[in-house]
Amino acid sequence: MKYFEANFDGLVGPTHNYAGLSIGNVASLSNAKNSSSPRQAAKQGLSKMKALHDLGLVQGVLAPQERPDVYTLRRLGFTGTDAQVIEKAAKQAPAVFKAVCSASSMWTANAATISPSADTADGKVHFTPANLTNKFHRSLEPVTTGKILQAMFRNPQHFAHHTHLPDNDHFGDEGAANHTRLCSAYGKRGVELFVFGRYAFDSSKPAPKRFPARHTLEACEAVARLHGLSAEHVVYMQQNPDVIDQGVFHNDVIAVGNQNVLFYHQQAFIDSQQKLTELQRKFGHDTELHLIEVKDSEVSVAEAIKTYLFNTQVVTLPGGEMVIIAPTECQDNPAVSAYLAALTERNTPIKQIHYYDVKQSMRNGGGPACLRLRVAMSEQEKQAVNPNVLMNATLFTRLNQWVDKHYRDEISEADLADPQLLQESRTALDELTQILDLGSVYQFQQE
């Protein structure tokens, strides 16, 4: 049976804006208060999806969340019509209001953790939405994320869906941004690498001092249990607290993996040698595991953060060759572009670099890898996926027309308080659920 890894990219929402909400994310903070272009952002994302589809990869679309989130505002005591709730919140609690307008669900690497059927005890693909407790604006996402995933992966014969972990920082879960699966082939049992920032119940362990460690060991262990993973095929690695304090808020800003390749920075992890030895042992020796370490002398942590060298996608083309999908910021940086050019000449499976413009996302702190959620599947499992969410030429054209019809060309921080924006967003999302055949996944549709 044929096996492959599909990428499901987040469709940028109509309220895409630069509010600088993500403490610890250098790009997000540095572009705070700048005007954004939701239409351009959505089209850049769609272009990347279509490009990967054209390379022969299975590419899907993950719908955005409803924003502004007036339901949360009502829970926080704002009353009246939707327009009145928005007006009151924008005036009385502007920081809270900006948070409920965030389009951060576009970064679907944080949407959930996925374990393929080859790894799980019951032979099903398992999904656990991330609770994202560390950031208020992202903690609003997991319930709707779960509904959208269930609408995409409906067949209980092949797919198992879990409720997100408890809404508490002790089980802070940032999803696949801190999870990598290594394997000799997509259809064979692999090693699932969970990366965490801190121990929730042991303050004596290393932890960052400047920026928060968003993901806990305890969350990693809980997801592994829920997914029925074997301890002999799981590795837990702690992210280096020093790089978190430099702005590496997720592991996918400092490391990325695919099949038998782990591409990471020298400073990425604590106890690197010991943990990489464990990883090698559990991976086995039937297939060579390529551990590609980038030295400080080759690319600094600061340059890696600025260009998102590691927030790239490493994908395997249908012919078996690996390609890095990188933002144009990598191409524009002399040190990083020189490193990537040299990498393709080394004795590793990575043979090509493809550059894409995702600047609207990059300015808000998310590169190509942030925009996608990976699901390793068999052909049979793919046939069980809602076909309307899978990218093709027709869907690409239809979604671009949908964006042109519903999205604003520019949004400033002040525009978020326009009550009409909520109506525009709801109209757009209602039509989108019909295009993608998702049913009534949004609360406003259920009312």
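The values are calculated or read from the model by the stated rules, or taken from the named source; none is laboratory data. This one's a predicted model, so the numbers in the text were calculated from it and none came from an experiment. Glycine also receives a Cβ, built like all others from the backbone with ideal geometry; neighbour counts cover every protein chain displayed. Surface areas here come from the heavy atoms of the whole protein model, side chains and all, with no ligands, DNA or RNA. Shrake-Rupley method; radii C 1.70, N 1.55, O 1.52, S 1.80 Å.
Residue-by-condition table, conditions (1) free of Cβ contacts under 8 Å to residues at least 24 places away in the same chain; (2) closer than 29 Å to Arg363 by Cα; (3) surrounded by 16 or more Cβ atoms within 10 Å (Cβ to Cβ):
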residue: Met106; (1), (2), (3): no, yes, yes
residue: Ala111; (1), (2), (3): no, yes, yes
residue: Ser117; (1), (2), (3): no, no, yes
residue: Ala151; (1), (2), (3): no, no, yes
residue: Asn155; (1), (2), (3): no, no, no
residue: His161; (1), (2), (3): no, no, yes
residue: Leu165; (1), (2), (3): no, no, yes
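What number of residues within the stretch 405-419 satisfy the criterion of being outside any loop (DSSP other than H, G, I, E, B), modelled with pLDDT of 95 or more and open to solvent by 70 Å² or more (accessible area, probe 1.4 Å)?
Adding up the residues that qualify gives 1.
List pairs: first residue in the stretch 317-339 and in contact (Cβ under 8 Å) with a residue 12 or more places away in the chain, second residue among the acidic types (Asp, Glu) and open to solvent by less than 20 Å² (accessible area, probe 1.4 Å) anywhere in the structure, Cβ distance under 8 angstrom, at least six positions apart or on different chains.
Here the result reads none, with nothing in the stretch 317-339 linked to a residue that is among the acidic types (Asp, Glu) and open to solvent by less than 20 Å² (accessible area, probe 1.4 Å).
Give the residues of the stretch 348-364 that are at pLDDT below 85, closer than 12 Å to Pro327 by Cβ and assigned to a loop (DSSP other than H, G, I, E, B), sorted by residue number.
Arg363
Could you tell me how many of the residues in the stretch 271-310 are surrounded by fewer than 16 Cβ atoms within 10 Å (Cβ to Cβ), charged (D, E, K, R) and assigned to a loop (DSSP other than H, G, I, E, B)?
Total satisfying the criteria: 5.
I'm told Trp402 meets every condition in (1) surrounded by 16 or more Cβ atoms within 10 Å (Cβ to Cβ); (2) closer than 25 Å to Asn155 by Cα; (3) without any contact (Cβ under 8 Å) to a residue 60 or more places away in the chain except one. Can you identify the failing condition by its number?
(2)
Quickly run through the stretch 225-270 and pick out the residues that are among the small types (Gly, Ala, Ser) and open to solvent by 30 Å² or more (accessible area, probe 1.4 Å).
Of everything in the stretch 225-270, those that are among the small types (Gly, Ala, Ser) and open to solvent by 30 Å² or more (accessible area, probe 1.4 Å) turn out to be Ser230, Ala231.
(1) over 23 Å from Asn131 (Cα atoms); (2) under 22 Å from the mean Cα position of the chain (by Cα): which one isn't true of Ala231, the others all being true?
If we test Ala231 against (1) over 23 Å from Asn131 (Cα atoms); (2) under 22 Å from the mean Cα position of the chain (by Cα), just (2) comes out false.
Need pairs with beta-carbon distance below 8 Å; first residue more than 21 Å from Gly80 (Cβ to Cβ) and within the stretch 410-421, second charged (D, E, K, R) and open to solvent by less than 70 Å² (accessible area, probe 1.4 Å); sequence gap 6+ or separate chains.
The qualifying pairs are Glu413/Lys98.
The conditions are (1) farther than 17 Å from Ser47 by Cβ; (2) open to solvent by less than 30 Å² (accessible area, probe 1.4 Å); (3) among the polar types (S, T, N, Q); (4) out of contact with any Ser or Thr (no Cβ under 9 Å at 6 or more places or on another chain), and Asn347 fails exactly one of them. Which is it?
Going through the list (1) farther than 17 Å from Ser47 by Cβ; (2) open to solvent by less than 30 Å² (accessible area, probe 1.4 Å); (3) among the polar types (S, T, N, Q); (4) out of contact with any Ser or Thr (no Cβ under 9 Å at 6 or more places or on another chain), Asn347 breaks only (2).
Given the conditions (1) modelled with pLDDT of 95 or more; (2) open to solvent by less than 50 Å² (accessible area, probe 1.4 Å); (3) farther than 30 Å from Gln150 by Cβ, which single one is not true for Leu217?
Status for Leu217: all satisfied but (3).
In the stretch 420-442, is there at least one residue being part of a helix (DSSP H, G or I), of a type in the set (S, T, N, Q) and within 23 Å of the chain's Cα centre (by Cα)?
yes
Output yes when any residue across the stretch 127-148 is in contact (Cβ under 8 Å) with a residue 24 or more places away in the chain, within 22 Å of Leu262 (Cβ to Cβ), part of a helix (DSSP H, G or I) and in contact with a strand residue (DSSP E or B) (Cβ under 6 Å, 6 or more places away or on another chain), and no when none is.
The answer is no, given that none of the residues of the stretch 127-148 is in contact (Cβ under 8 Å) with a residue 24 or more places away in the chain, within 22 Å of Leu262 (Cβ to Cβ), part of a helix (DSSP H, G or I) and in contact with a strand residue (DSSP E or B) (Cβ under 6 Å, 6 or more places away or on another chain).
Restricting to helices (runs of 4 or more DSSP H) lying wholly in the stretch 1-103: which have 1 or more residues that are modelled with pLDDT under 95 and either within 17 Å of the chain's Cα centre (by Cα) or farther than 26 Å from Pro116 by Cβ (or both)?
Working: elements: 26-30, 38-54, 70-75, 82-92, 94-100.
Correct list: 26-30, 38-54, 94-100.
Exactly one condition in (1) open to solvent by 30 Å² or more (accessible area, probe 1.4 Å); (2) of a type in the set (D, E, K, R); (3) more than 22 Å from His16 (Cα to Cα) is false for Glu381; which is it?
(1)
Within the stretch 422-447, track down each residue that is farther than 15 Å from Ala151 by Cα, open to solvent by 10 Å² or more (accessible area, probe 1.4 Å) and either among the β-branched types (Val, Ile, Thr) or in contact (Cβ under 8 Å) with a residue 40 or more places away in the chain (or both).
Listed by number, the residues that qualify are Glu424, Arg426, Thr427, Phe444.
Does Arg374 fit the bill of being over 19 Å from Val294 (Cβ atoms) and open to solvent by 10 Å² or more (accessible area, probe 1.4 Å)?
yes
For Leu395, only one of the following conditions fails: (1) in a helix (DSSP H, G or I); (2) at pLDDT below 95. What is its number?
Status for Leu395: all satisfied but (2).
In the stretch 286-303, is there at least one residue being within 28 Å of Ser36 (Cβ to Cβ), among the small types (Gly, Ala, Ser) and within 19 Å of the chain's Cα centre (by Cα)? I'd like the intermediate steps shown before the answer.
In the first step, residues of the stretch 286-303 are kept if they are within 28 Å of Ser36 (Cβ to Cβ); the result is 301-303.
When the remaining residues are screened for being among the small types (Gly, Ala, Ser), the result is 302.
From the residues that got through so far, the ones that are within 19 Å of the chain's Cα centre (by Cα) too are none.
No, the stretch 286-303 contains no residue that is within 28 Å of Ser36 (Cβ to Cβ), among the small types (Gly, Ala, Ser) and within 19 Å of the chain's Cα centre (by Cα).
Quickly run through the stretch 311-330 and pick out the residues that are open to solvent by 10 Å² or more (accessible area, probe 1.4 Å) and under 17 Å from Asp252 (Cβ atoms).
Passing the criteria: only Glu329.
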